[in-house]
Amino acid sequence: MTSTQARHPEDDPAHRTVAAVWRMESPRLIAGLTRIVRDLDLAEELAQDALVAALEQWPAEGVPRNPGAWLMTTARRRAIDLVRREQRLAGKLDRFGRELAAEPVPGPEQLAEQAEEIEDDLLQLVFTACHPVLATEARVALTLRLLGGLTTEEIARAFLVPEATLAQRIVRAKRTLARAELPFEVPSGAELAGRLDSVLEVIYLIFNEGYSATAGDDWMRPALCEDALRLGRVLAGLMPAESEVHGLVALMEIQASRSAARSGPDGAPVLLLDQDRGRWDQLLIHRGLSALERAEELAAGAQGPYVLQAAIAACHARAATAEQTDWVRIAALYEALARRAPSPVVELNRAVALGMAFGPGTGLALIDQLTEEPALRGYHLLPAVRGDLLAKLGRTAEARVEFERAATLTRNERERALLLDRAAACADQRTDEGSTG
């Protein structure tokens, strides 16, 4: 077999182009088809058919001038063929199929003129995939599949779950949506705020899993951060007047700017205060600060949780060195966040800020109030933060116990190694103190 024959399809430039176009265009394609056929499963099936056609034709004929329009045209033609072939289809497919079959097939030029309608379809798909009727993990999986353009295998690998489990999760999510007979639309009025919270939560959960992996051997999974950022930017374009959308984008942009500095050459984690800020991505910081400015203008003083968190991230981004960080402002922002969206995790972060702004004893006093909080039982960052504050107070024996406990609670191997190193450092310091005493 020659080297040419042995080459995998993924190595072919045309196949790589198809994959890249699919990642960018599939959300809009599925959204537009869902509006037409009113069936999420069928829309995805038609979109996949168009992808197969592209894989068959583009390598030989070349990539069309408007690949997104080509995919939509192909999918719509297949939808017409399906309706004509399957006359026995009942209910909604029959009803919408007759309408679709009677409709002339638009060419790429006409489809290009329908950009505004397609964007509306995409926004409707966002709210469908993130509907609160679905469990959180189902919303995340469905969003990455339909809006992120990821395969089931890619999503399963990213979240360290078996592919079969992930596939079933997606299937159940689609069935739940079908049974609920939810309208394919963007909510309005009072319902919009609650539904938008669900959308933002899903995107930020995806980002966080990439930024600080909850399990496995990798400290970060940058691809998930990129997917979340892309989804956030798309949403900001679709909902330009929503302060919290811009706040979330700002938060993710600024946090993502630190990615290159968050691990050393061997992949070991590097904590925020120890990072080389020269490696922070200034373009992402600039984009994040611009998004934050827009969010604060729209908020008009009534800042939501994501805007407040972005403002906290901005304090770090604006500090040229760790020592120049405005911890007093960060503590005040966390206090405002605690009032706006109270939670034990917010209080834990506020304790860190108080410890940095007013001394470790102040932070420890708040931490000690959280030790019996049910929501934080089993949360490794509680003993990790307590250990850090105790170490700063010179209570190294107690700090060592906390770091070791935190290491038993985390499921991330890189983080476990870091915590054990900190525990060992406390033990070494204790030994040094004993030998000099």
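All of the numbers you see were taken from the coordinates with simple rules; none came from a lab. Only a predicted model underlies this, so the values are computations on that prediction, with no experimental measurement involved. All Cβ positions, even for glycine, are placed from backbone atoms using ideal geometry, and neighbour counts span all protein chains on display.
Figures for the structure shown
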quantity: The chain, relative contact order [Cα under 8 Å, separation at least 6], %; calculated: 10
quantity: Cα long-axis angle, helix 413-436 against the chain (0 to 90 degrees, to the nearest 10); calculated: 10
quantity: Distance in nm between pseudo-label sites at Val52 and Ile80 (7 Å out along the Cβ direction from Cα); calculated: 2.0
quantity: Extension gain (nm, one decimal) between Ser290 and Arg277, 0.36 nm per residue minus Cα-Cα; calculated: 2.7 nm
quantity: Net lengthening on full extension, Gln324/Asp368 (0.36 nm per residue, minus Cα-Cα); calculated: 13.1 nm
quantity: Local electrostatic count, Leu337, Cβ distance below 11 Å [Lys/Arg +1, Asp/Glu -1]; calculated: +1
quantity: Pairs of Cα atoms farther than 19 Å apart, segment 378-437, %; calculated: 24
quantity: Qualifying trypsin sites (Lys or Arg not before Pro) for segment 357-394 [loop in DSSP, other Cβ within 10 Å: at most 16]; calculated: Arg377
quantity: Segment 249-321: C-alpha gyration tensor shape, a/c 1.5 cut-off, then a/b vs b/c; calculated: prolate
quantity: Full-extension gain in nm, Asp421 to Glu297, via 0.36 nm per residue minus C-alpha separation; calculated: 40.2 nm
quantity: Rel. contact order, % - alpha carbon contacts under 8 angstrom, at least six apart, segment 378-437; calculated: 33
quantity: Estimated 222 nm signal from helices in the chain, with DSSP H stretches of n ≥ 4 weighted -39500 (n - 2.57), rounded to 500; calculated: -23500 deg cm²/dmol
quantity: Derived scalar couplings ³J(HN,Hα) [segment 290-302; Karplus, 6.51 cos²θ - 1.76 cosθ + 1.60; whole Hz; x for Gly, Pro]; calculated: 5, 5, 5, 4, 5, 4, 5, 5, 5, 5, 6, x, 9
quantity: FRET efficiency, Ala164 to Ser343 (Cβ-Cβ, R0 45 Å, nearest 0.05); calculated: 0.85
quantity: Charge tally in the Cβ shell below 13 Å around Pro162, where Lys, Arg are +1 and Asp, Glu are -1, Pro162 excluded; calculated: 0
quantity: Estimated distance in nm for a label pair at Arg172 and Leu238, the labels positioned 7 Å out from Cα along Cα-to-Cβ; calculated: 2.5
quantity: For Ser263, residues with placed amide H under 5 Å, excluding near neighbours; calculated: Val270
quantity: Label-reachable residues, segment 156-188, where backbone N falls under 14 Å from a point 7 Å from Glu137's Cα toward its Cβ; calculated: 156-173
quantity: Shape of segment 146-265, Cα gyration tensor, a/c cut at 1.5; calculated: oblate
quantity: Fraction of alpha-carbon pairs over 38 Å apart in the chain - percent; calculated: 32
quantity: Within the chain, longest stretch free of exposed GluC sites (Glu not before Pro) [DSSP loop, at most 16 other beta carbons within 10 Å]; calculated: 186-371
